[in-house]
Amino acid sequence: MEFVRTQRVRIQTDAVSTLPLYRSAPSLEVRLEDFELYAMDRLRVLKGISDGLSRGKKPEEMKKLVDNLWKANMSHPDSSEVINKDIISHFVLRLVYCRTEDLRKWFLSMETALFRYRFLLGSSEDKRASMAEFDLPCKAVSSAEFENVRDKLNQVARSIGLPILTADAIFYKVPFEEVPELIAGRRVYIHKGYAYVAMHQVVSLVVTQFRSILSKALILTNRKWTSTIREQEKDRLTPIVEALCTSYLGPDYSQPKEFGEISVKDLDQISKSSFPLCMRHLFDKLREDHHLKHGGRMQLGLFLKGVGLKLEDALAFWKAEFSQKVGAERFDKEYAYSIRHNYGREGKRTDYTPYSCQKIISLTPGVGDHHGCPYRHFSDENLRAALDRMGVGSRAVEDVMDKVRNRHYQLACTSTFEAVHNSQCDAGINHPNQYFSDSQKILQSKNNAAA
Amino acid sequence: MTIEEAENGRDDMLIDGPDRANSIPDGFNANYLKVYYGRLFPHFDIFKWMCYGNDGKHPACDKSYFGRREFSFTLDNDIYLRFQSFNSASELESSIREKCPFKIDIGPVYSVDPAKRHAYAQGGDNVFAPVERELVFDIDITDYDDVRYCCSGADVCLECWPLMTVAIKVIDTALRDDFGFNHILWVYSGRRGVHCWVCDGKARRLTNEQRGAIADYFRVYKGNENSNKKVSLTGPLHPFLARSYTEVLMAFFEGNLLSSQNILSTEERYEKILSMIPDESVTSELRGKWQGRSSNSKEDINVHRWGQLKHMLQSGKQKGQGLRVHEIVFTFTYPRLDMEVSKHMNHLLKAPFCVHPKTGRVCIPIDPENCEEFDPTAVPTLSELLQELNTGGIGADVDDEWDKTSLGKSVRFFRSSFLQPLLKSCKEEMETSYNAKLQQTKNNLSW
């Protein structure tokens, strides 16, 4: 792509499909203003998708959401520009989000989700066109073979709540590796390494292809970015690119700022006053069992780092608990490493960022685990009891439970915050560390007022 | 990465038994281990396995393959050496003999020699990444603590071990019939569980996402003690679950576990099961039948009560109650995998034929076809093996000393049932891909 400051754009694109696969950067000129504006518009769509997913919206709701987001942000008065805007904004954000593993991961999942729902929203002609553009590794199941496995296919259909198959149902046979999400959800019959994919599930196959192509492309873009583009464009594009991702995603709470340090002796008190339920539950369980499994240690450990617990204090804190269960020696040998690791003192030496709500909600705690989002992962009864312990009044509990039923977990947490602090939280809760710092702010101002 | 399995505290080491004056004292120590690595450990078999045919003379062999595999050693004093790599069988063997690791873990094959990863990292481009790894599973009996009453924690006995047998049957069948894998190795973890290595080329090249998908395919447990139910089934069962249920789980639950774990014998225990049934009219009726009196029939009380419960749920006035029976059986018997181990290529797993420092037992392969015959309490221990060596006479064939000990059976099984078929298919695969490549170059030249 070429970027020019004010002239009109010279379009030279051969992409006609309404759903581009973004295989290669188009050769067209883009005004610098559009470069940024288009990217911001697309970012709004991706952020909207991210919010929708973290609220646990169902596929049908997501489809509607994506449709609305796309119409609201990605239209263009000049209809011939629409496809260009789509392509340009994608490639700009590719530059923005190619630069670290975390950014790539986020962009990859949001773009993949966007592609999925746009594919589903398309007409059957659009779908066929997209399928033809990919070189899909599948073959149609012959009618003789279909009869052989029909019972099994029906069994799968029933298990996912679909009607019995008709005799003319179309199935594709693909290596199971190509449809991981259908495997993960047990939504296909698999036999001897092949998955039997129904026509309506083809989206999964297409999405997997899209994802794998984009994933590879992002690595390449990153190489190009670090080797040439960043330097060449240091006066023009680089500042825009670098500003774009921070302008929208909010702080990552990897460095405690506002409240300086927290010492071990304060932890009990602030856990009661200012920890969100997910962290308070972990904290209480740790005090009770003197142990937490890996997922819990990560979620709580990184949160405490964000809160301002220094490495030395963190080691002392975890050791005091764990040594009661496994002994001090075993703690030093087996657990201290991962705590230093979280603080970037071991291994890759990355300073890890505390988990966001979105990440916590997406976790899948298993037997013996206490991490995850209580609003999502607790049973009704346990959640009510936990809220009661936090001092949430019965009316507010109903409000929280109502939001939980609608799978608005972050809103449920926000309501809890408001009930506990007896004050508004308009921005909503997006991050456990944000919950903490908002809580501290309120408590401090109350203290000041009292003094 | 935490190594939760590495329980190397040797403080509660067993001291020799009462009247075994002349025998090797029981237990485990570095001196025994030295002898074991020197005379019994099948170094060469591990090497052949990890080469996957790349140590041959075929032009398609990748000579760097074995050297890019990570081994990691846990030493006597809990020093943990990661990213060890070796270029030959003899290098591997002499390092093991010299360092005498209490535990050997096997990691992935990396893009470059893991021992030289820092040199490659200088280039800036992150070229150091795992490229191949067996698909592995780790099943640990401690994860069943809420459904077994005979033992808890790291203890196992013959009452609860069958849970592992069931896990092997369910997972092994699915790996072969559903996913089409052929080269599968099951290994006793030395104490409280089993490990599974799926070694087909296709399995070794799976991405993390694909590994995660397979792990999820096997997952029926949602939630934990913070949510009510362990297993939540919604409609008719997927063919995989239906097959597991009818072919393995149901028979095991009714014919074995129900009585051996006394699942319905006391109020506390049956209440746990009743809490899994949401319909209160059913639970209160059953409670009425069971409370305060022991059954007077000759039948086992657990079997009797289970029959009543099943009858009530299945004759059901309400639809869908039959599914509760499934849920109960799945909760008590379905395999509980440590998902994280399977999901990522760079997870380490203990090598077969290691000796568990706490039990002294060797991590020997388990034959999935006859897994019900496997008895964890009869697995050879380090001291038993040394005893056998001592009494076995001197001057026998030096290479195959294991053959005259009780380890012989296991090494022979490893070779004949796993290693040989594996290497045969590695060779064929190599041949096919080489010929395809040749054909391609030929075609390119022909025009």
**Q.** Accessible area of A:HIS341 in the full protein assembly, 1.4 Å probe (Å², nearest 10)
**A.** 40 Å²
**Q.** Table column - 3J(HN,Hα) (Hz), the range B:94-108, Karplus curve with 6.51, -1.76, 1.60, x for Gly and Pro
**A.** 5, 5, 5, 4, 6, 7, 6, x, 5, 8, 10, 10, 10, x, x
Q: Report, in deg cm²/dmol and to the nearest 500, the calculated mean residue ellipticity at 222 nm for chain B, where each DSSP H run with n ≥ 4 adds -39500 (n - 2.57) and the sum is divided by the residue count.
A: -10500 deg cm²/dmol
Q | Rounded, prolate or oblate (a/c below 1.5 giving rounded, otherwise prolate when a/b exceeds b/c) for the range B:28-134 by Cα gyration tensor | A | oblate
Q: Sort A:LYS85, A:LYS71, B:LYS202 from largest to smallest accessible area, using a 1.4 Å probe on the heavy atoms of the protein chains.
A: A:LYS71, B:LYS202, A:LYS85
Q: Using a Förster distance of 22 angstrom, determine the FRET efficiency expected from the C-beta separation of B:SER94 and B:ALA119, and round it to 0.05.
A: 0.40
Q.
How large is the accessible surface of A:GLU181 in square angstrom, using a 1.4 angstrom probe and rounding to the nearest 10?
A. 60 Å²
Q: Using a 1.4 angstrom probe, figure out how much accessible area chain B has per residue, in square angstrom, rounded to the nearest whole.
A: 44 Å²
Q: Output ³J(HN,Hα) for the range B:334-345: one whole-Hz value per residue in order, computed from phi by the Karplus curve 6.51 cos²θ - 1.76 cosθ + 1.60 with θ = phi - 60°, and x for Gly and Pro.
A: 5, x, 10, 8, 7, 4, 4, 4, 7, 7, 10, 5
Q | Separation of the B:VAL131 and A:THR228 label points, Cα + 7 Å toward Cβ, nm | A | 2.6 nm
(Q) Modelling each spin label as a point 7 Å along the Cα-to-Cβ direction, I'd like the B:PHE413/B:GLU373 distance in nm, to one decimal. (A) 0.8 nm
Q) Which aspartates and glutamates have a Cα less than 12 Å from the Cα of B:LYS202, not counting those fewer than 8 places away in the same chain? A) A:GLU177, B:GLU132, B:GLU134, B:GLU429
Q: Report, as an integer, the average count of C-beta atoms from other chains found within 10 Å of each Cβ along A:369-377.
A: 2
(Q) Can you find, among A:VAL203, B:PHE83, B:TYR270, the residue sitting farthest towards the positive end of the charge dipole of the protein assembly as shown, where Lys and Arg contribute +1 and Asp and Glu -1 at Cβ? (A) A:VAL203
Q) Between A:SER24 and A:ASP78, what length comes free when the chain is fully extended (0.36 nm per residue of separation minus the Cα-Cα distance, one decimal in nm)? A) 17.1 nm
**Q.** Relative contact order of the range B:127-259, pairs being alpha-carbon contacts under 8 Å that are 6 or more residues apart, as %
**A.** 26 percent
Q) Can you give the FRET efficiency for A:ASP102 and A:ALA243, using 1/(1 + (r/R0)^6), R0 = 30 Å, r = Cβ-Cβ distance, to the nearest 0.05? A) 0.95
Q: Return the long-range amide H neighbours of B:GLY193 (sequence gap of 5 or more, or a different chain), with a cut-off of under 5 Å between placed amide H atoms.
A: B:ILE141
Q. If you put +1 on each Lys and Arg Cβ and -1 on each Asp and Glu Cβ, how big is the dipole of the protein assembly as shown around its Cα centre, in Debye rounded to 20?
A. 1880 debye
Q: Using amide H atoms built 1.01 Å from N in the peptide plane, name the residues 5+ places from B:CYS100, or on other chains, whose amide H lies under 5 Å from its own.
A: none
(Q) Within 10 Å of each Cβ in A:148-157, how many Cβ atoms from other chains are there, averaged over the peptide? (A) 2
Q. Shape call for the range A:305-355 from the C-alpha gyration tensor, a ≥ b ≥ c root eigenvalues: rounded (a/c under 1.5), prolate (a/b greater than b/c) or oblate?
A. oblate
Q. For chain A, what does -39500 (n - 2.57) per DSSP helix run (n ≥ 4), summed and divided by total residues, give at 222 nm, in deg cm²/dmol to the nearest 500?
A. -19000 deg cm²/dmol
(Q) Sequence gap at least 6, Cα distance under 8 Å: using those rules, report the relative contact order of chain B to the nearest whole percent. (A) 22 percent
**Q.** Between helix A:394-405 and chain A: long-axis angle, C-alpha atoms, 0 to 90°, nearest 10
**A.** 30 degrees
(Q) Could you identify which residue out of B:GLN261, B:GLN420, B:GLN291 has the top mean-square fluctuation in a GNM of chain B using Cα springs shorter than 10 Å? (A) B:GLN291
Q) Across 5 Å bins from 0, what is the distribution of all Cα-Cα pair distances for the range A:38-154, in whole percents? A) 2, 10, 15, 18, 17, 15, 8, 5, 5, 4, 1
(Q) Taking R0 as 35 Å, what FRET efficiency do you get between B:ASP155 and A:ASP268 from their Cβ-Cβ distance, rounded to the nearest 0.05? (A) 0.50
Q. Which value in nm describes the separation of the simple spin-label points at B:GLU428 and B:GLN440, placed 7 Å from the Cα toward the beta carbon?
A. 2.2 nm
Q | On Cα atoms only, tilt of A:294-307 relative to the major axis of chain A in degrees | A | 70 degrees
Q. Per residue of A:182-189, how many C-beta atoms from partner chains lie within 10 Å of its own C-beta, taken as a mean?
A. 5
Q | Cα-centre dipole for chain A with unit charges at Cβ (Lys and Arg positive, Asp and Glu negative), debye to 20 | A | 500 debye
Q | Rg over Rh [alpha-carbon atoms, Kirkwood Rh] for chain B | A | 1.03
Q: Please report, in debye to the nearest 20, how large the charge dipole of the range B:157-314 is about its Cα centre when each Lys and Arg carries +1 at its beta carbon and each Asp and Glu carries -1 there.
A: 340 debye
Q: Multiply the residue separation of A:ALA385 and A:SER445 by 0.36 nm, subtract the distance between their alpha-carbon atoms, and state the gained length in nm to one decimal.
A: 18.6 nm
Q: Starting from the Cα of A:LYS139, move 7 Å in the Cα-to-Cβ direction to define the label point; list residues of the range A:171-196 whose amide nitrogen is under 12 Å from there.
A: A:173-175
Q | Built amide H within the under 5 Å cut-off of B:GLY53, gap 5+ | A | none
(Q) Angle check, please: helix A:82-97 long axis (alpha carbons) against the longest principal axis of chain A (alpha carbons), in degrees 0 to 90, nearest 10. (A) 40 degrees
Q: Read phi for every residue in the range A:58-72 and hand back ³J(HN,Hα) as whole Hz from Karplus 6.51 cos²θ - 1.76 cosθ + 1.60, θ = phi - 60°, with x for Gly and Pro.
A: 7, x, 5, 5, 5, 4, 5, 4, 5, 4, 5, 4, 5, 4, 6
Q. How do B:GLU285, B:GLU271 rank by accessible surface area computed with a 1.4 Å probe, from largest to smallest?
A. B:GLU285, B:GLU271
Q. Using a ≥ b ≥ c from the Cα gyration tensor of the protein assembly as shown (square roots of the eigenvalues), is it rounded, prolate or oblate, where a/c under 1.5 gives rounded and otherwise the larger of a/b and b/c decides, a/b for prolate?
A. rounded
(Q) Using protein chains only and a probe of 1.4 angstrom, how many square angstrom of B:SER90 are accessible, to the nearest 10? (A) 80 Å²
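The values are calculated or read from the model by the stated rules, or taken from the named source; none is laboratory data. All values derive from a computational prediction rather than experimental measurement. Glycine gets a Cβ as well: all are built from the backbone with ideal geometry, and neighbour counts include every protein chain shown. For accessibility, only protein heavy atoms count, side chains too; no ligands or nucleic acids. Shrake-Rupley method; radii C 1.70, N 1.55, O 1.52, S 1.80 Å.
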